[in-house]
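See structure below.
The values are calculated or read from the model by the stated rules, or taken from the named source; none is laboratory data. Since we're looking at a predicted model, the values are computed, not measured. FYI the Cβ positions are ideal-geometry reconstructions off the backbone, even for glycines, and counts take in every protein chain you see. SASA here: full protein model, heavy atoms, side chains in, ligands and nucleic acids out. Shrake-Rupley method; radii C 1.70, N 1.55, O 1.52, S 1.80 Å.
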Amino acid sequence: MRGPGANEPCWCGSGRKYKKCHRDQDAVGERPVHAGAVRAGLVGPRRPVPPHIPRPNYAQTGRPRPVPRLADPAERLRRMRRACRAAAEVMAEGAAALAPGVTTDEIDRIVHEGYIARGGFPSTLNYNGFPKSLCTSVNEVILHGIPDSRPLEKGDIVNLDVTIYLDGFHGDCSATYPVGPIDAESARLVRVTRECMLRGIEAVKPGRPISDIGKAIEAHATAHGYGVVRTFCGHGIGEEFHLEPQILHYYDSRARTVMEEGMFFTVEPMLTMGSPEHVVWPDGWTAVTVDGKRAAQFEHTVHVNRDGAEILTVGADGKV
Ligand code: MF3
Ligand code: CO
Ligand code: CO
């Protein structure tokens, strides 16, 4: 590997030793494979949350602990609607700031302030040690990208995955956005991924097995020649960020859990232009496609009701 010696100052000007700063990331970039691959920037310090904001139980330790369920189903639904609406609003604020030259860390700042303005806590902050207030996943990054100093470039696609902890409940949503004009192939990937999420949600029906969701998603993705990521899935959500059941985005006959009225879960398919297999960067979080081709993701939190699904992560206008 070329670059400064391990104990010399990093080339990026941070003042830290090279081995403590960009050395691992440079090693990633050095993998010969993918021209034009996304390169990690610098991750800024953890953003503070004012002390009056209620915190989830992992905020200090980084380890989520089980939380008892609220007894009253109507109250759970009210609070989930509020948390999820807040998440959707905050996501829209982050999305409005996207432009070439804007760093994902700047989006992190805006989203962080959006949670706090609503009395909420960034669910991702220190969740199993995650260092930032949302995930920003650019181009071949499938999910769990860490906001950093990399400026967005014209032609990028970027997923903003926003989760708020508000009044004891988590609301989780994400969408993939174009940065300036994007190529037609990327636009098609983004469109079909959103359609897959909506088809998965349309398959939600009490009394039906959760495998119906993945079946609907996989059929639409495959018809368009896209891969479906299998390693990461949707999840139950509520008093805790990630709960049972897992929501697979492909068909598996073993996914026999029956959907029931009152359940809350996410549907969050990830589609790839090429291989759906991933590798994780040395930061321990950022999951990228093995072949360097682009990926997209969309996510809503839904509530199972008598007729199907109510999408909860919508703004005050109810618009999806
Ligand atoms: N919001 C992501 C999801 O949809 C989870 C992010 S967890 C983090 O489930 F630790 F990576 F932030
Ligand atoms: Co999410
Ligand atoms: Co989720």
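For trypsin sites (Lys or Arg not before Pro), no site in the stretch 142-200 is both called loop by DSSP and has at most 10 other Cβ atoms within 10 Å. Per-residue 3J(HN,Hα) values for the stretch 185-192, derived from phi via the Karplus relation 6.51 cos²θ - 1.76 cosθ + 1.60 with θ = phi - 60°, read 5, 5, 4, 5, 4, 5, 4, 5 Hz in sequence order (x marks Gly and Pro).
Residues whose amide H lies under 5 Å from that of T301, counting only those 5 or more places away or on a different chain, are D172, L312, T313; hydrogens are built 1.01 Å from N in the peptide plane. Taking only protein heavy atoms and a 1.4 Å probe, the accessible area of the stretch 186-320 is 49% carbon and sulfur. Pull out a ≥ b ≥ c, the square roots of the eigenvalues of the alpha-carbon gyration tensor of the chain, then state rounded if a/c is under 1.5, prolate if not and a/b is larger than b/c, and oblate in the remaining case. The shape class here is oblate.
Go through K17/K132; K205/K319; K19/K154; K19/K132; K19/K293 and tell me which ones have a Cα-Cα distance over 25 Å in this structure.
Numbers: K17/K132 22 Å; K205/K319 21 Å; K19/K154 31 Å; K19/K132 22 Å; K19/K293 29 Å.
Check vs 25 Å cut-off fails for K19/K154; K19/K293.
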